[in-house]
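A.B. asks: One structure follows; several queries about it will come next.
Here, each number is a calculation from the coordinates, and none is a lab measurement. Model, not experiment: these values are computed from the prediction. Every residue, glycine as well, gets a Cβ built from its backbone with ideal geometry; the counts of neighbours run over all protein chains shown.
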Ligand SMILES: Nc1ncnc2c1ncn2[C@@H]1O[C@H](COP(=O)(O)OP(=O)(O)O)[C@@H](O)[C@H]1O
Ligand SMILES: [Mg+2]
């Protein structure tokens, strides 16, 4: 068996012990703490055409987390979600949702799960309200006597009350997305699975959806949020997993993941060339010089040598406008882990 | 990228606190399996029937079917002179001028081979495939509707449509017949005479038999509907099948297989216009429909419960 660099990076991460979430946590039978809400082991999906969409996925989503499922388009996020929701059968491996295996347990598990999968789908000839009534009727555990009230509350929650009587075909993409979200909120849910919920929304709509996600998480709902937007995951998630070409690259808490990207030292100065020389002499590597700006990797992690560096710059007559370390982002982490740009499709 | 003063060092301690920061289940969301109720279970069946009749397409099809007897009645009225004793017209047409009630049977006999199965093919063929095409299928399934329950609801709704379609033809024919021709006691095919009440009762019975005659086709349409993700393709295939089977039924060389074609015994409903009623053909027809229902219903179930829903 040949090992790709991708796998090695995961193994090394685990042996270093820098990651606490994911497989490490799942491996020992945790004596305390609630069980994971989603757990997959070797989950694999090969489509009839031979396309390997998801490849040996081991995922653990802790209860109460807002879990970001991050990956470029085509990396297998939606396919994973379809397997978790029992819409498609895995080629091999196991998917467990709320403690029961899927797709065998859809009947007992899915009433406790709200889902938005690959965009909303509505009956255009029905009003927004009647769309929700239709979806609520499909749930055999939903009480018809409380239906009207719950539909009203869900509409209210996503801000669609005013447009509830309008035919869904007249809705804008943003309104459709909200209505889809409302359908996921017809009942109190233990788990919300949201597949790119801010797709097609304007920045204001995105902010509202993110606020709603935080609010739901505050109520105790575990949120599984897939996205190809790194900043979205950074803004709302406590945990994240990164997918690339159907494989899990890494999973853990968001701060841990971001920490894997080394911070870069950034100096803003009109004397960029001179600054670069000083920094190089002080052991800073990978120096990039741009207009009014120099950045590079400090020799050692941490802020220990930074004051010295700053002093050296000033001593050499470099006019320092700003000096600091830019925090690593998930994007840097992704690039560091996969060695490729984030926009590469699988 | 955001600029911060200190380099990022995430200590294991801060990670642990991060993890424990997550809200616990003791929040407002109740955990555990929610039981299903009888009312909740049946809601989908009601929803399915309501949805069928809220589609503009359904109403248009019913309107088309209702227009057919009107057309037929007007033509018979205009052509009355030539129709006398015309043995080569459609069944029951000759009797319409004597008794408007016969327009019900004439219209059903005209509608059953082509128009009724076409509309039923559209509704049954589109039932699952249409939901797959618009993506609503995935949301029904994660609701979770349950694949068997959804299929049963689709079948029920399609059967209700068969019944409504038959009724549309029959009621429109009754109204047209009453408007254009004399009504009253009816001379049966066997020569006996029954009163208007008895005749209406037979009309109701025949409408029921005609609706049930379409059960086999509904099962076929449902099966086709589970095979594709395109509503149009499923509708076209189902309607095409109806036409193909009718053609096969007309070749004398194929008489060996003809008794097994689901359309073969459709017109036996006329046997109910005898005294006493002659049930053999009708029971054979209903038995055949049950057979098709069992075979294609099982096939639809096997296919739908195992298939990947990727739309
Ligand atoms: N129904 C399907 N049949 C064949 N291949 C598919 C199907 N659905 C998705 N794929 C392929 O699987 C891969 C993963 O797709 P998907 O899970 O939709 O990715 P994502 O949601 O991360 O964008 C892609 O290469 C896609 O082309
Ligand atoms: Mg996707």
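A.B. asks: FRET efficiency for residue B:59 and residue A:91, Cβ-Cβ distance as r, R0 = 60 Å, nearest 0.05? Each step should come with its number before you reach the end.
C.D. replies: On the way: r = 44 Å, r/R0 = 0.74.
That pair, residue B:59 with residue A:91, gives E of 0.85.
A.B. asks: Averaged across B:141-154, how many Cβ atoms of other chains sit within 10 Å of each residue's Cβ atom?
C.D. replies: On the way: counts 9, 20, 18, 14, 8, 6, 3, 0, 3, 1, 0, 0, 2, 0.
The per-residue average across the peptide is 6.
A.B. asks: Right, here's the next one. Only counting other Cβ atoms within 10 Å, I'd like A:171, B:278, B:139 sorted with the fewest neighbours first.
C.D. replies: Numbers: A:171 21, B:278 15, B:139 25.
Least to most surrounded, the residues fall as B:278, A:171, B:139.
A.B. asks: Another question about this same structure. Bin all alpha-carbon pair distances of the stretch A:88-158 at 5 Å intervals from 0 and give each bin's fraction as a whole percent.
C.D. replies: 3, 13, 19, 22, 18, 13, 8, 4, 1
A.B. asks: What is the mean number of Cβ atoms from other protein chains located within 10 Å of the Cβ atom of each residue in peptide B:239-245, rounded to a whole number? Could the numbers behind the result be given before it?
C.D. replies: Values: counts 0, 0, 0, 0, 0, 0, 0.
Per-residue shielding by partner chains comes out at 0.
A.B. asks: Would you compute, for the Cα atoms of the stretch B:191-311, the largest minus smallest coordinate along each principal axis and list the three values in descending order, in whole Å?
C.D. replies: Computed over the Cα atoms, the extents are 60, 36, 23 Å.
A.B. asks: For the stretch A:6-260, what size does the Cα cloud have along each of its three principal axes, sorted from largest down, in whole Å?
C.D. replies: Result, largest extent first: 57, 43, 38 Å.
A.B. asks: Averaged across the residues of B:71-77, what count of C-beta atoms belonging to other chains lies within 10 Å of each residue's C-beta?
C.D. replies: Averaged over the peptide's residues, the number is 0.
A.B. asks: Can you sort A:88, B:49 so the residue with the fewest Cβ neighbours within 10 Å comes first? Mind showing how you got there, number by number?
C.D. replies: Working: A:88 22, B:49 18.
Ascending number of Cβ neighbours within 10 Å: B:49, A:88.
A.B. asks: Could you state the number of Å between the C-alpha centres of the stretch A:51-75 and the stretch A:93-129?
C.D. replies: Measuring centre to centre over Cα atoms gives 17 Å.
A.B. asks: Here's a follow-up. Please give the helix B:56-78 orientation as an angle from the longest Cα principal axis of chain B, in degrees from 0 to 90, rounded to the nearest 10.
C.D. replies: Roughly 10 degrees, rounded to the nearest 10.
A.B. asks: Classify the stretch A:153-281 as rounded, prolate or oblate, taking a ≥ b ≥ c as the square roots of the eigenvalues of its Cα gyration tensor: rounded when a/c is under 1.5, otherwise prolate if a/b is larger than b/c and oblate if not. Present the calculation step by step, with values, prior to reporting the outcome.
C.D. replies: Details: a/c = 3.06, a/b = 2.09, b/c = 1.46.
It is prolate, given that a/c is not under 1.5 and a/b is the larger ratio.
A.B. asks: OK, next. I'm checking a number: the convex hull volume of the Cα atoms of the stretch A:264-326, normalised per residue, in Å³. What is it?
C.D. replies: Numbers: hull volume 4.1 nm³, N = 63.
In the stretch A:264-326, the Cα hull volume divided by residue count equals 65 Å³.
A.B. asks: Could you work out [θ]222 nm for chain B from helices alone, using -39500 (n - 2.57) per DSSP H run of at least four and dividing by all its residues? Round to the nearest 500 deg cm²/dmol.
C.D. replies: Numbers: 13 runs with 207 residues, N = 311.
For chain B, the value works out to -22000 deg cm²/dmol.
A.B. asks: Follow-up. Stick to Cα atoms and the Kirkwood definition of Rh, then tell me Rg/Rh for the stretch B:40-306. If you can, show how the numbers build up before the last one.
C.D. replies: Working: Rg = 19.5 Å, Rh = 19.4 Å.
When Rh is taken as the Kirkwood radius, the ratio is 1.01.
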